[in-house]
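Laboratory data are not the source of any read-out in this text; all were calculated from the coordinates shown. Just so we're clear, the structure is a prediction, and the values are computed from it rather than from any experiment. Here Cβ is always computed from backbone atoms with ideal geometry, including for glycine, and neighbour counts include all displayed protein chains.
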């Protein structure tokens with residue numbers, strides 16, 4: 001079941017013309033239009049597009065993070081999904097009871113006591129009356145203000161108000177939780193309590209959509225990261241954590257955007273532990289966009305900015321209608337650490353080379369789950385590629 005559906009969502013804002021940057025005759029025209037009619041005045045507005053044709057869906061029980069620089073559209077998207085503003089076009093559906101926190105303090109009334117604010121919030125969520133007492137205790141405990149329940153919220157310190165605001169949103173027994181970037185609130189202990197509360201919300205089947213740039217919170221909570229820039233989603237990355245042998249765990253994020261040039265395309269990048277449990281399997285599709293194209297794929301393994309090695313296919317392979325390439329990367333080959341795996345390839349047509357490259361296609365993290373023996377040596381691996389097409393294994 002889908003908890004959130006977004007289809008071709010766009011949002012535009014109209015801004016008045018900047019008269020200070022307008023010549024005197026043009027400025028007079030603006031004022032004349034304002035005096036003449038509202039319709040003509042609206043023509044003097046400039047349109048800013050905050051979101052452009054956003055589409056995605058989130059399954060019930062999933063936790064998805066929005067990331068991106070300031071001004072990328074995260075807050076506007078969250079405000080639309082929370083029902084605070086309407087889209088200009090497109091469709092957004094959120095199923096179930098929703099708890100939101102788009103800015104610290106938005107869910108507080110200054111003249112209410114702490115207890116009154118909690119009771120009002122419980123009523124808005126339509127919590128059963130027998131559960132409201134325990135809800136109040138959970139909120140007070142998370143916010144750390146048990147001794148101040150009878151004080152008006154305006155009498156609390158700014159830190160207490162922020163913690164109460166966050167606690168109200170995180171403790172809600174809702175189906176969907178929508179939160180803007182508020183995780184800098186409070187001290188380290190409160191931050192960890194927030195992470196724990198998000199994990200508990202997810203474990204009981206709740207759906208979370210949140211914005212943050214905090215990698216620790218992403219690692220603990222998110223199943224998936226939507227990266228935004230310029231009002232659009234530029235990557236949709238799934239984060240997977242799989243326990244493996246040799247006292248280690250392996251996690252990765254994939255940017256599944258396709259890589260292409262005028263003659264070939266690489267798409268459907270996948271990462272998995274091999275069936276025998278001894279290797280990381282990296283697979284991709286090669287598609288010819290022109291007749292008589294051959295492809296020679298490679299994986300660059302980088303640590304920071306240092307290229308450790310390139311796993312290059314031994315030869316150019318003719319591209320069939322559906323050609324699948326797969327690389328085996330032995331699990332014990334790389335030490336504990338973080339790596340970038342970049343997909344590169346050369347497409348060959350009429351003896352002309354057409355390169356394809358995407359650095360950081362896979363972000364790989366290897367963690368020690370137990371004692372791991374350290375060592376130093378020269379890394380010069382011999383790796384094997386396999387090719388599959390519609391007829392099965394051919395190479």
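Values as computed for the structure displayed
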{"read-out": "Least to most buried among 74, 367, 202 (fewest other Cβ within 10 Å first)", "value": "367, 202, 74"}
{"read-out": "Whole-Å distance, taken between Cα centres, linking the stretch 96-125 and the stretch 144-195", "value": "11"}
{"read-out": "Hull-based mean projected area of the stretch 82-237, where the convex hull spans the alpha carbons, in square nanometres", "value": "10.1"}
{"read-out": "Length-normalised contact order for the stretch 273-343 - Cα pairs under 8 Å, 6+ apart - percent", "value": "43"}
{"read-out": "Least to most buried among 354, 220, 313 (fewest other Cβ within 10 Å first)", "value": "220, 354, 313"}
{"read-out": "Order of 1, 228, 333 - criterion: other Cβ atoms within 10 Å of each residue's Cβ, fewest first", "value": "1, 333, 228"}
